[in-house]
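In what follows, a single structure is set out as C-alpha coordinates and then discussed.
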Amino acid sequence: MKKTVLNEAHRKAGAKMVDFGGWDMPINYGSQIEEHHAVRQNVGMFDVSHMTVIDVSGREATDFLYKLLANDITKLNTNQALYSTMLNHEGGVIDDLITYKISETSYRVVVNAATREKDLAWFEQQIADFDATMAEQADTAMIAVQGPKAIETLQPLIALDLSQTKRFYATYNDDMFVGRTGYTGEDGVEIIVPSEAAEGLWNQLIEAGVQPCGLGARDTLRLEAGMHLYGQDMDENITPLECGLGWTIRKDNNSFNGAEALEQLREQGISKKLIGLVLEGRGVLRHDQTLIDADGKQGIITSGGYSPSTEKAIAMAVVDKQMDADSIQVQIRNKTLPCRVVKLPFVRNGKSLIEA
Amino acid sequence: MSYVPDNLKYTASHEWLEDLGNGVYRVGITEFAQEQLGDIVFVELPELDESYAQEDECGVVESVKTASDIYCPLVGTVTAINDALEDSPELINDSPYDDGWIFELELGEDADIGSLLSAEDYRNSIADDE
(Lines give C-alpha, C1' and ligand atoms only; values in the text may rest on other atoms or scores of the structure.)
Protein backbone atom coordinates (compact mmCIF):
# COMPACT_ATOMS: atom_id res chain seq x y z
CA MET A 1 0.00 0.00 0.00
CA LYS A 2 1.15 3.56 -0.72
CA LYS A 3 2.13 5.70 2.27
CA THR A 4 2.42 9.43 2.69
CA VAL A 5 5.51 10.85 4.40
CA LEU A 6 3.35 11.41 7.49
CA ASN A 7 2.48 7.73 7.92
CA GLU A 8 4.71 7.29 10.99
CA ALA A 9 3.39 10.51 12.51
CA HIS A 10 -0.18 9.22 12.18
CA ARG A 11 0.67 5.98 13.94
CA LYS A 12 2.43 7.92 16.69
CA ALA A 13 -0.72 10.00 17.16
CA GLY A 14 -2.76 6.82 17.64
CA ALA A 15 -4.42 6.76 14.23
CA LYS A 16 -6.63 3.94 13.08
CA MET A 17 -5.46 3.33 9.51
CA VAL A 18 -7.51 2.16 6.53
CA ASP A 19 -6.98 1.39 2.87
CA PHE A 20 -8.20 4.46 0.99
CA GLY A 21 -7.88 3.85 -2.75
CA GLY A 22 -4.58 2.09 -2.28
CA TRP A 23 -3.26 4.58 0.29
CA ASP A 24 -2.71 3.70 3.95
CA MET A 25 -4.53 6.65 5.53
CA PRO A 26 -5.90 7.59 8.98
CA ILE A 27 -9.69 7.18 9.34
CA ASN A 28 -9.58 8.69 12.84
CA TYR A 29 -7.27 9.18 15.85
CA GLY A 30 -9.90 8.16 18.41
CA SER A 31 -13.27 9.86 18.13
CA GLN A 32 -14.29 10.99 14.67
CA ILE A 33 -17.00 13.19 16.16
CA GLU A 34 -14.51 15.02 18.39
CA GLU A 35 -12.30 15.62 15.36
CA HIS A 36 -15.30 16.99 13.48
CA HIS A 37 -16.14 19.42 16.30
CA ALA A 38 -12.50 20.51 16.57
CA VAL A 39 -12.67 21.77 12.98
CA ARG A 40 -16.08 23.43 13.39
CA GLN A 41 -15.20 25.13 16.68
CA ASN A 42 -11.43 25.45 16.83
CA VAL A 43 -8.80 24.03 14.47
CA GLY A 44 -7.96 20.63 13.03
CA MET A 45 -5.63 19.27 10.37
CA PHE A 46 -5.66 16.57 7.72
CA ASP A 47 -2.90 14.82 5.83
CA VAL A 48 -3.99 15.14 2.21
CA SER A 49 -0.61 14.28 0.73
CA HIS A 50 -2.22 11.52 -1.29
CA MET A 51 -3.72 14.17 -3.55
CA THR A 52 -1.93 14.91 -6.80
CA VAL A 53 -0.27 18.26 -7.55
CA ILE A 54 0.34 19.11 -11.22
CA ASP A 55 2.08 22.29 -12.36
CA VAL A 56 1.15 23.53 -15.83
CA SER A 57 3.18 26.18 -17.60
CA GLY A 58 3.94 27.61 -21.02
CA ARG A 59 2.80 30.22 -23.50
CA GLU A 60 -0.53 28.42 -24.02
CA ALA A 61 -1.06 27.17 -20.46
CA THR A 62 -4.18 29.35 -20.12
CA ASP A 63 -5.58 28.14 -23.46
CA PHE A 64 -5.01 24.55 -22.41
CA LEU A 65 -6.86 24.97 -19.10
CA TYR A 66 -9.59 26.97 -20.85
CA LYS A 67 -10.27 23.89 -22.99
CA LEU A 68 -9.70 21.34 -20.23
CA LEU A 69 -11.88 22.93 -17.55
CA ALA A 70 -15.59 23.76 -17.70
CA ASN A 71 -15.18 26.78 -15.44
CA ASP A 72 -13.57 30.02 -16.64
CA ILE A 73 -9.84 30.07 -15.92
CA THR A 74 -9.47 33.49 -17.63
CA LYS A 75 -11.42 35.20 -14.84
CA LEU A 76 -8.72 34.45 -12.28
CA ASN A 77 -6.48 37.09 -10.77
CA THR A 78 -2.89 36.16 -10.01
CA ASN A 79 -2.77 33.81 -6.98
CA GLN A 80 -6.53 33.23 -7.13
CA ALA A 81 -7.99 29.70 -7.01
CA LEU A 82 -10.81 28.19 -9.04
CA TYR A 83 -12.94 25.11 -8.40
CA SER A 84 -13.91 23.37 -11.62
CA THR A 85 -15.09 20.14 -13.12
CA MET A 86 -13.08 18.47 -15.89
CA LEU A 87 -15.36 16.78 -18.42
CA ASN A 88 -15.01 14.13 -21.07
CA HIS A 89 -16.47 14.68 -24.54
CA GLU A 90 -19.79 13.19 -23.42
CA GLY A 91 -20.06 15.79 -20.64
CA GLY A 92 -19.36 13.24 -17.88
CA VAL A 93 -17.20 14.33 -14.96
CA ILE A 94 -13.63 12.96 -15.11
CA ASP A 95 -12.74 14.77 -11.88
CA ASP A 96 -13.25 17.93 -9.86
CA LEU A 97 -10.20 19.98 -9.05
CA ILE A 98 -8.72 23.25 -7.80
CA THR A 99 -6.49 25.41 -10.00
CA TYR A 100 -4.33 28.24 -8.65
CA LYS A 101 -3.12 30.91 -11.06
CA ILE A 102 0.58 31.56 -10.43
CA SER A 103 1.17 33.87 -13.40
CA GLU A 104 -0.18 34.50 -16.90
CA THR A 105 1.71 31.43 -18.06
CA SER A 106 1.75 29.08 -15.06
CA TYR A 107 -0.80 27.34 -12.89
CA ARG A 108 -0.87 24.80 -10.07
CA VAL A 109 -3.61 22.16 -10.24
CA VAL A 110 -4.63 19.79 -7.40
CA VAL A 111 -6.62 16.70 -8.38
CA ASN A 112 -8.03 13.77 -6.42
CA ALA A 113 -5.90 10.80 -5.35
CA ALA A 114 -8.27 8.10 -6.55
CA THR A 115 -8.37 9.57 -10.07
CA ARG A 116 -4.64 10.27 -10.38
CA GLU A 117 -3.78 7.90 -13.24
CA LYS A 118 -6.71 8.74 -15.50
CA ASP A 119 -6.34 12.47 -14.79
CA LEU A 120 -2.67 12.45 -15.71
CA ALA A 121 -3.43 10.47 -18.89
CA TRP A 122 -6.19 12.91 -19.85
CA PHE A 123 -3.96 15.94 -19.14
CA GLU A 124 -1.19 14.45 -21.28
CA GLN A 125 -3.51 13.68 -24.14
CA GLN A 126 -5.13 17.12 -24.08
CA ILE A 127 -1.98 19.20 -23.56
CA ALA A 128 -0.41 17.81 -26.73
CA ASP A 129 -2.31 20.38 -28.81
CA PHE A 130 -0.87 23.30 -26.87
CA ASP A 131 2.43 25.05 -26.34
CA ALA A 132 2.44 24.10 -22.66
CA THR A 133 4.03 21.52 -20.39
CA MET A 134 2.91 19.73 -17.25
CA ALA A 135 4.90 18.36 -14.33
CA GLU A 136 3.53 16.27 -11.49
CA GLN A 137 4.97 17.46 -8.17
CA ALA A 138 5.30 14.00 -6.64
CA ASP A 139 7.85 14.91 -3.97
CA THR A 140 5.46 17.10 -2.04
CA ALA A 141 3.22 16.67 0.97
CA MET A 142 -0.04 18.48 1.64
CA ILE A 143 -1.58 19.37 5.00
CA ALA A 144 -4.99 21.01 5.31
CA VAL A 145 -5.39 23.18 8.43
CA GLN A 146 -9.07 24.00 8.89
CA GLY A 147 -11.31 25.73 11.38
CA PRO A 148 -12.18 29.20 12.72
CA LYS A 149 -8.79 29.37 14.50
CA ALA A 150 -6.76 27.94 11.61
CA ILE A 151 -5.18 31.20 10.47
CA GLU A 152 -4.28 32.57 13.91
CA THR A 153 -2.81 29.21 14.94
CA LEU A 154 -0.76 28.72 11.79
CA GLN A 155 0.47 32.30 11.31
CA PRO A 156 3.18 32.34 14.03
CA LEU A 157 4.66 29.11 12.63
CA ILE A 158 5.35 30.31 9.09
CA ALA A 159 7.16 33.11 7.29
CA LEU A 160 4.30 33.98 4.93
CA ASP A 161 1.85 36.75 5.89
CA LEU A 162 -1.63 35.24 5.72
CA SER A 163 -3.40 38.49 6.66
CA GLN A 164 -3.11 39.60 3.03
CA THR A 165 -4.39 36.31 1.62
CA LYS A 166 -8.13 36.35 0.99
CA ARG A 167 -10.30 33.25 0.78
CA PHE A 168 -9.66 31.33 -2.42
CA TYR A 169 -6.28 32.98 -2.89
CA ALA A 170 -2.80 31.53 -2.38
CA THR A 171 0.54 32.82 -1.20
CA TYR A 172 3.91 31.12 -1.38
CA ASN A 173 7.66 31.30 -1.00
CA ASP A 174 10.47 28.85 -1.71
CA ASP A 175 9.53 26.73 1.33
CA MET A 176 5.78 26.38 1.07
CA PHE A 177 2.64 27.05 -0.91
CA VAL A 178 -0.43 28.05 1.09
CA GLY A 179 -3.89 28.17 -0.49
CA ARG A 180 -6.76 29.59 1.56
CA THR A 181 -9.00 26.76 0.44
CA GLY A 182 -10.42 23.61 1.97
CA TYR A 183 -13.04 20.92 2.06
CA THR A 184 -14.80 21.57 5.35
CA GLY A 185 -16.94 24.72 5.01
CA GLU A 186 -14.67 26.52 7.48
CA ASP A 187 -11.92 29.06 7.05
CA GLY A 188 -8.51 27.49 6.67
CA VAL A 189 -5.66 26.65 4.36
CA GLU A 190 -4.16 23.82 2.36
CA ILE A 191 -0.37 23.82 2.62
CA ILE A 192 1.92 22.19 0.10
CA VAL A 193 5.52 21.62 1.24
CA PRO A 194 8.46 19.53 0.06
CA SER A 195 8.12 16.00 1.46
CA GLU A 196 11.08 16.37 3.82
CA ALA A 197 9.49 19.39 5.52
CA ALA A 198 6.12 17.78 6.19
CA GLU A 199 6.76 15.99 9.47
CA GLY A 200 8.39 19.06 11.04
CA LEU A 201 5.38 21.21 10.14
CA TRP A 202 2.95 18.51 11.32
CA ASN A 203 4.70 18.30 14.70
CA GLN A 204 4.75 22.08 15.08
CA LEU A 205 1.01 22.15 14.41
CA ILE A 206 0.42 19.42 17.00
CA GLU A 207 2.43 21.42 19.55
CA ALA A 208 0.30 24.47 18.70
CA GLY A 209 -2.78 22.49 19.71
CA VAL A 210 -4.10 21.55 16.28
CA GLN A 211 -6.22 18.37 16.39
CA PRO A 212 -5.17 15.71 13.85
CA CYS A 213 -8.29 14.60 11.96
CA GLY A 214 -8.86 11.53 9.81
CA LEU A 215 -10.74 10.85 6.62
CA GLY A 216 -13.89 10.09 8.63
CA ALA A 217 -14.21 13.65 9.92
CA ARG A 218 -13.18 14.98 6.52
CA ASP A 219 -16.21 13.22 5.03
CA THR A 220 -18.78 14.46 7.58
CA LEU A 221 -17.38 18.00 7.36
CA ARG A 222 -17.54 18.18 3.58
CA LEU A 223 -21.01 16.61 3.53
CA GLU A 224 -22.33 19.21 5.98
CA ALA A 225 -20.71 21.86 3.78
CA GLY A 226 -22.60 20.49 0.76
CA MET A 227 -19.38 19.71 -1.08
CA HIS A 228 -19.29 16.90 -3.63
CA LEU A 229 -17.17 13.77 -3.28
CA TYR A 230 -15.88 12.44 -6.58
CA GLY A 231 -16.93 8.85 -7.24
CA GLN A 232 -20.01 9.21 -5.04
CA ASP A 233 -21.85 12.42 -5.90
CA MET A 234 -20.59 12.49 -9.47
CA ASP A 235 -18.52 10.45 -11.89
CA GLU A 236 -18.12 9.95 -15.65
CA ASN A 237 -21.72 8.73 -15.97
CA ILE A 238 -23.33 12.02 -15.00
CA THR A 239 -22.95 15.62 -16.19
CA PRO A 240 -22.50 18.59 -13.84
CA LEU A 241 -25.95 19.84 -14.91
CA GLU A 242 -27.58 16.77 -13.35
CA CYS A 243 -25.75 16.68 -10.02
CA GLY A 244 -25.73 20.20 -8.65
CA LEU A 245 -22.50 21.36 -10.30
CA GLY A 246 -24.03 23.51 -13.03
CA TRP A 247 -22.47 26.51 -11.32
CA THR A 248 -19.01 25.25 -12.36
CA ILE A 249 -19.96 25.50 -16.05
CA ARG A 250 -19.05 28.78 -17.74
CA LYS A 251 -21.91 30.30 -19.72
CA ASP A 252 -20.31 32.68 -22.19
CA ASN A 253 -18.17 30.32 -24.22
CA ASN A 254 -18.61 26.77 -25.39
CA SER A 255 -15.08 25.78 -26.30
CA PHE A 256 -14.40 23.47 -23.33
CA ASN A 257 -14.38 19.68 -23.49
CA GLY A 258 -17.89 18.34 -23.11
CA ALA A 259 -19.61 21.64 -23.99
CA GLU A 260 -21.41 20.23 -27.03
CA ALA A 261 -22.78 17.30 -25.04
CA LEU A 262 -24.04 19.67 -22.36
CA GLU A 263 -25.71 21.84 -24.99
CA GLN A 264 -27.47 18.80 -26.42
CA LEU A 265 -28.59 17.76 -22.96
CA ARG A 266 -29.99 21.23 -22.31
CA GLU A 267 -31.99 21.03 -25.54
CA GLN A 268 -33.32 17.57 -24.73
CA GLY A 269 -34.15 18.59 -21.19
CA ILE A 270 -32.39 17.79 -17.96
CA SER A 271 -34.18 15.05 -16.03
CA LYS A 272 -32.14 14.81 -12.82
CA LYS A 273 -31.04 17.15 -10.07
CA LEU A 274 -29.14 17.06 -6.79
CA ILE A 275 -30.94 17.90 -3.55
CA GLY A 276 -30.15 18.10 0.15
CA LEU A 277 -32.14 15.90 2.53
CA VAL A 278 -32.72 15.66 6.25
CA LEU A 279 -34.21 12.50 7.72
CA GLU A 280 -37.33 13.15 9.77
CA GLY A 281 -37.13 10.81 12.74
CA ARG A 282 -34.47 8.36 13.77
CA GLY A 283 -31.92 6.53 11.66
CA VAL A 284 -28.96 7.27 9.40
CA LEU A 285 -29.05 8.15 5.70
CA ARG A 286 -26.37 6.35 3.67
CA HIS A 287 -24.89 6.24 0.19
CA ASP A 288 -27.02 4.13 -2.21
CA GLN A 289 -30.27 4.18 -0.23
CA THR A 290 -33.25 4.63 -2.56
CA LEU A 291 -35.83 7.43 -2.46
CA ILE A 292 -39.40 7.48 -3.72
CA ASP A 293 -42.18 10.08 -3.71
CA ALA A 294 -45.99 9.72 -3.67
CA ASP A 295 -46.09 9.50 -7.49
CA GLY A 296 -43.43 6.81 -7.62
CA LYS A 297 -40.67 9.13 -8.85
CA GLN A 298 -37.29 7.94 -7.71
CA GLY A 299 -33.87 9.02 -6.60
CA ILE A 300 -30.77 7.72 -4.88
CA ILE A 301 -28.65 9.01 -2.02
CA THR A 302 -25.16 9.75 -3.29
CA SER A 303 -23.68 10.81 0.08
CA GLY A 304 -25.31 10.40 3.46
CA GLY A 305 -24.43 10.18 7.08
CA TYR A 306 -24.83 11.41 10.60
CA SER A 307 -24.11 15.11 10.89
CA PRO A 308 -22.36 15.85 14.20
CA SER A 309 -22.95 19.62 13.95
CA THR A 310 -26.74 19.37 13.45
CA GLU A 311 -27.19 16.00 15.21
CA LYS A 312 -29.38 14.89 12.30
CA ALA A 313 -29.06 12.39 9.48
CA ILE A 314 -28.33 14.33 6.29
CA ALA A 315 -27.71 13.44 2.66
CA MET A 316 -27.15 14.65 -0.85
CA ALA A 317 -29.21 12.78 -3.43
CA VAL A 318 -29.63 12.70 -7.20
CA VAL A 319 -33.36 12.53 -7.96
CA ASP A 320 -35.92 12.88 -10.73
CA LYS A 321 -36.18 16.58 -11.50
CA GLN A 322 -39.98 16.42 -11.06
CA MET A 323 -39.74 14.72 -7.68
CA ASP A 324 -42.30 15.98 -5.16
CA ALA A 325 -40.30 17.59 -2.35
CA ASP A 326 -43.13 17.13 0.13
CA SER A 327 -43.52 13.36 -0.15
CA ILE A 328 -39.99 11.98 -0.39
CA GLN A 329 -39.40 8.79 1.55
CA VAL A 330 -36.22 6.80 2.01
CA GLN A 331 -35.95 3.04 2.17
CA ILE A 332 -33.75 2.01 5.12
CA ARG A 333 -33.60 -1.77 5.50
CA ASN A 334 -37.26 -2.84 5.94
CA LYS A 335 -38.56 0.63 6.79
CA THR A 336 -39.75 3.59 4.77
CA LEU A 337 -39.10 6.93 6.48
CA PRO A 338 -39.97 10.51 5.46
CA CYS A 339 -37.27 12.98 4.43
CA ARG A 340 -37.35 16.75 4.13
CA VAL A 341 -35.70 18.64 1.28
CA VAL A 342 -33.38 21.42 2.45
CA LYS A 343 -31.05 23.89 0.79
CA LEU A 344 -27.32 23.18 0.69
CA PRO A 345 -25.10 23.63 2.57
CA PHE A 346 -26.33 22.11 5.81
CA VAL A 347 -23.66 23.92 7.86
CA ARG A 348 -21.61 27.03 7.14
CA ASN A 349 -18.92 28.58 9.34
CA GLY A 350 -19.88 26.49 12.35
CA LYS A 351 -23.62 27.13 12.18
CA SER A 352 -26.46 24.81 11.20
CA LEU A 353 -28.51 26.23 8.33
CA ILE A 354 -31.23 23.59 8.60
CA GLU A 355 -34.50 25.28 9.50
CA ALA A 356 -36.33 23.74 12.45
CA MET B 1 -5.96 -5.10 23.84
CA SER B 2 -9.70 -4.69 24.29
CA TYR B 3 -11.22 -5.46 27.67
CA VAL B 4 -13.01 -8.84 27.74
CA PRO B 5 -14.53 -9.50 31.20
CA ASP B 6 -14.06 -13.06 32.46
CA ASN B 7 -17.58 -13.38 33.90
CA LEU B 8 -19.41 -12.97 30.56
CA LYS B 9 -20.15 -15.26 27.61
CA TYR B 10 -19.58 -14.19 24.00
CA THR B 11 -20.48 -14.83 20.36
CA ALA B 12 -18.22 -14.74 17.32
CA SER B 13 -20.34 -11.82 16.08
CA HIS B 14 -19.17 -9.74 19.09
CA GLU B 15 -22.20 -9.86 21.38
CA TRP B 16 -21.67 -10.42 25.12
CA LEU B 17 -24.12 -12.15 27.51
CA GLU B 18 -24.41 -11.72 31.25
CA ASP B 19 -26.29 -14.42 33.18
CA LEU B 20 -28.91 -12.62 35.33
CA GLY B 21 -30.34 -15.91 36.68
CA ASN B 22 -33.67 -17.65 36.04
CA GLY B 23 -32.80 -18.19 32.39
CA VAL B 24 -32.53 -14.47 31.64
CA TYR B 25 -29.42 -13.00 29.96
CA ARG B 26 -28.46 -9.39 29.38
CA VAL B 27 -26.94 -8.73 25.94
CA GLY B 28 -24.70 -6.03 24.51
CA ILE B 29 -21.79 -5.65 22.10
CA THR B 30 -18.17 -5.96 23.16
CA GLU B 31 -15.61 -3.25 23.67
CA PHE B 32 -13.76 -4.60 20.65
CA ALA B 33 -16.94 -4.27 18.54
CA GLN B 34 -17.59 -0.67 19.54
CA GLU B 35 -13.94 0.20 18.88
CA GLN B 36 -14.22 -1.24 15.39
CA LEU B 37 -17.45 0.64 14.70
CA GLY B 38 -16.28 4.03 15.94
CA ASP B 39 -18.66 6.67 17.31
CA ILE B 40 -22.13 5.15 17.54
CA VAL B 41 -24.93 7.49 16.48
CA PHE B 42 -28.07 5.34 16.26
CA VAL B 43 -29.39 2.09 17.72
CA GLU B 44 -32.41 0.21 16.46
CA LEU B 45 -33.44 -1.88 19.46
CA PRO B 46 -35.07 -5.33 19.31
CA GLU B 47 -38.85 -5.48 19.74
CA LEU B 48 -39.98 -5.99 23.32
CA ASP B 49 -41.74 -9.37 23.85
CA GLU B 50 -40.62 -10.53 20.41
CA SER B 51 -39.14 -14.02 20.05
CA TYR B 52 -36.03 -14.56 17.97
CA ALA B 53 -34.13 -17.61 16.81
CA GLN B 54 -30.40 -17.91 17.42
CA GLU B 55 -28.49 -15.66 14.99
CA ASP B 56 -31.63 -13.78 13.90
CA GLU B 57 -31.00 -10.12 13.09
CA CYS B 58 -32.80 -8.42 15.95
CA GLY B 59 -31.44 -4.87 15.86
CA VAL B 60 -28.93 -2.51 14.30
CA VAL B 61 -26.07 -0.40 15.63
CA GLU B 62 -25.09 2.48 13.34
CA SER B 63 -21.84 4.35 13.74
CA VAL B 64 -20.42 7.30 11.84
CA LYS B 65 -18.86 4.71 9.55
CA THR B 66 -21.34 1.92 9.02
CA ALA B 67 -24.47 0.00 10.01
CA SER B 68 -23.94 -3.29 11.80
CA ASP B 69 -26.61 -5.86 12.63
CA ILE B 70 -27.11 -7.15 16.15
CA TYR B 71 -27.66 -10.91 16.14
CA CYS B 72 -29.74 -12.66 18.76
CA PRO B 73 -27.11 -14.82 20.52
CA LEU B 74 -29.54 -17.59 21.54
CA VAL B 75 -33.17 -18.50 20.91
CA GLY B 76 -35.43 -16.56 23.27
CA THR B 77 -37.87 -13.75 23.99
CA VAL B 78 -36.90 -10.11 24.60
CA THR B 79 -37.98 -9.09 28.11
CA ALA B 80 -36.29 -5.68 28.38
CA ILE B 81 -34.65 -3.12 26.10
CA ASN B 82 -32.33 -0.27 27.03
CA ASP B 83 -34.42 2.79 26.08
CA ALA B 84 -31.59 5.11 27.15
CA LEU B 85 -29.79 4.20 23.91
CA GLU B 86 -32.48 5.97 21.86
CA ASP B 87 -31.28 9.36 23.07
CA SER B 88 -27.72 8.39 24.02
CA PRO B 89 -26.39 5.75 21.60
CA GLU B 90 -22.86 6.79 22.63
CA LEU B 91 -23.38 4.86 25.88
CA ILE B 92 -22.27 1.80 23.90
CA ASN B 93 -18.93 3.51 23.21
CA ASP B 94 -18.54 4.83 26.74
CA SER B 95 -19.70 1.78 28.67
CA PRO B 96 -20.17 -1.26 26.44
CA TYR B 97 -20.55 -3.78 29.30
CA ASP B 98 -22.62 -1.66 31.66
CA ASP B 99 -24.74 1.41 30.74
CA GLY B 100 -24.48 0.42 27.08
CA TRP B 101 -26.34 -2.89 27.43
CA ILE B 102 -28.86 -3.39 24.63
CA PHE B 103 -31.52 -5.92 25.64
CA GLU B 104 -32.44 -8.78 27.95
CA LEU B 105 -33.40 -12.20 26.66
CA GLU B 106 -35.35 -14.97 28.34
CA LEU B 107 -33.95 -18.13 26.80
CA GLY B 108 -36.14 -20.56 24.92
CA GLU B 109 -36.21 -24.19 26.07
CA ASP B 110 -33.83 -25.45 23.42
CA ALA B 111 -31.31 -22.60 23.79
CA ASP B 112 -27.83 -23.89 22.96
CA ILE B 113 -25.76 -22.29 25.71
CA GLY B 114 -22.89 -24.55 24.76
CA SER B 115 -22.51 -22.65 21.48
CA LEU B 116 -21.35 -19.50 23.32
CA LEU B 117 -17.68 -18.59 23.66
CA SER B 118 -15.84 -18.21 26.94
CA ALA B 119 -13.90 -15.00 27.59
CA GLU B 120 -10.69 -16.80 26.68
CA ASP B 121 -12.14 -18.18 23.43
CA TYR B 122 -13.42 -14.74 22.47
CA ARG B 123 -10.06 -13.11 23.25
CA ASN B 124 -8.43 -15.62 20.94
CA SER B 125 -10.99 -15.01 18.21
CA ILE B 126 -10.25 -11.27 18.08
CA ALA B 127 -6.52 -11.50 18.75
CA ASP B 128 -5.60 -11.44 15.06
CA ASP B 129 -7.58 -8.25 14.44
CA GLU B 130 -6.14 -6.24 17.29
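The values are calculated or read from the model by the stated rules, or taken from the named source; none is laboratory data. The model shown is predicted, which means the values in this text are computed figures rather than measured ones. Please note: Cβ atoms are built from the backbone with ideal geometry, for glycine as well, and neighbour counts cover all protein chains shown. SASA here: full protein model, heavy atoms, side chains in, ligands and nucleic acids out. Shrake-Rupley method; radii C 1.70, N 1.55, O 1.52, S 1.80 Å.
Does residue B:2 satisfy the condition of being touching a residue at least 60 places away in the same chain (Cβ under 8 Å), within 14 Å of another protein chain (Cβ to nearest Cβ) and either assigned to a loop (DSSP other than H, G, I, E, B) or under 14 Å from the mean Cα position of the chain (by Cα) (or both)? Judged against the criteria, residue B:2 is a match.
In segment B:15-56, which residue that is more than 14 Å from chain A (Cβ to nearest Cβ) and aromatic (Phe, Trp, Tyr) is farthest from the chain's Cα centre (by Cα)? The qualifying residue farthest from the chain's Cα centre (by Cα) is B:52.
Close Cβ contacts (under 8 Å, 6 or more residues apart or on different chains) running from residues in segment A:282-310 that are farther than 28 Å from residue A:349 by Cβ and more than 14 Å from chain B (Cβ to nearest Cβ) to residues that are outside any strand (DSSP E or B) and open to solvent by less than 10 Å² (accessible area, probe 1.4 Å) comprise A:291/A:328; A:292/A:328; A:293/A:328; A:299/A:328.
Take the conditions (1) acidic (Asp, Glu); (2) closer than 17 Å to residue A:255 by Cα; (3) surrounded by fewer than 17 Cβ atoms within 10 Å (Cβ to Cβ); residue A:72 misses just one of them, which is (3).
Restricting attention to segment B:38-91, the residues that are in contact (Cβ under 8 Å) with a residue 60 or more places away in the chain and among the hydroxyl-bearing types (Ser, Thr, Tyr) add up to 1.
All of (1) free of Cβ contacts under 8 Å to residues at least 40 places away in the same chain; (2) not in a helix (DSSP H, G or I) hold for residue B:35 with one exception: (2).
The single condition from (1) away from chain B (no Cβ under 14 Å); (2) touching a strand residue (DSSP E or B) at 6+ places or on another chain (Cβ under 7 Å) that residue A:270 fails is (2). Looking only at residues in segment B:67-99 that are within 13 Å of another protein chain (Cβ to nearest Cβ) and open to solvent by 60 Å² or more (accessible area, probe 1.4 Å), the one that is farthest from residue A:33 (Cα to Cα) is B:83.
Each row is one residue, and each column tells you yes or no for (1) part of a strand (DSSP E or B); (2) open to solvent by 60 Å² or more (accessible area, probe 1.4 Å); (3) in contact with a helix residue (DSSP H, G or I) (Cβ under 7 Å, 6 or more places away or on another chain).
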| position | (1), (2), (3) |
| --- | --- |
| A:223 | no, no, no |
| A:226 | no, no, no |
| A:251 | no, yes, no |
| A:257 | no, no, yes |
| A:275 | yes, no, no |
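Criterion applied to A:109, A:39, A:48, A:56 was being crowded, with 20+ Cβ neighbours inside 10 Å, at pLDDT 95 or above and over 24 Å from residue A:222 (Cβ atoms), and the one residue passing it is A:56. Is at least one residue of segment A:306-317 at pLDDT 95 or above, over 25 Å from residue A:231 (Cβ atoms) and surrounded by 15 or more Cβ atoms within 10 Å (Cβ to Cβ)? Looking through segment A:306-317, none of the residues is at pLDDT 95 or above, over 25 Å from residue A:231 (Cβ atoms) and surrounded by 15 or more Cβ atoms within 10 Å (Cβ to Cβ). In segment A:323-335, the residue that is nearest to the other protein chains (Cβ to nearest Cβ) out of those that are open to solvent by 60 Å² or more (accessible area, probe 1.4 Å) and free of Cβ contacts under 8 Å to residues at least 40 places away in the same chain is A:333. Being among the polar types (S, T, N, Q) and surrounded by 13 or more Cβ atoms within 10 Å (Cβ to Cβ) is a property that holds for residue A:302. Consider segment A:22-32 and keep the residues that are buried (at least 23 other Cβ atoms within 10 Å of the Cβ) and within 11 Å of chain B (Cβ to nearest Cβ). The one that is nearest to residue A:197 (Cα to Cα) is A:28.
Yes or no: segment A:342-349 includes at least one residue that is within 14 Å of another protein chain (Cβ to nearest Cβ) and touching a residue at least 24 places away in the same chain (Cβ under 8 Å). The answer is no, given that none of the residues of segment A:342-349 is within 14 Å of another protein chain (Cβ to nearest Cβ) and touching a residue at least 24 places away in the same chain (Cβ under 8 Å). Just one of the listed residues (A:183, A:172, A:107) is assigned by TED's automatic domain parsing to the domain that holds residue A:228 and over 30 Å from residue A:235 (Cα atoms), and it is A:172.
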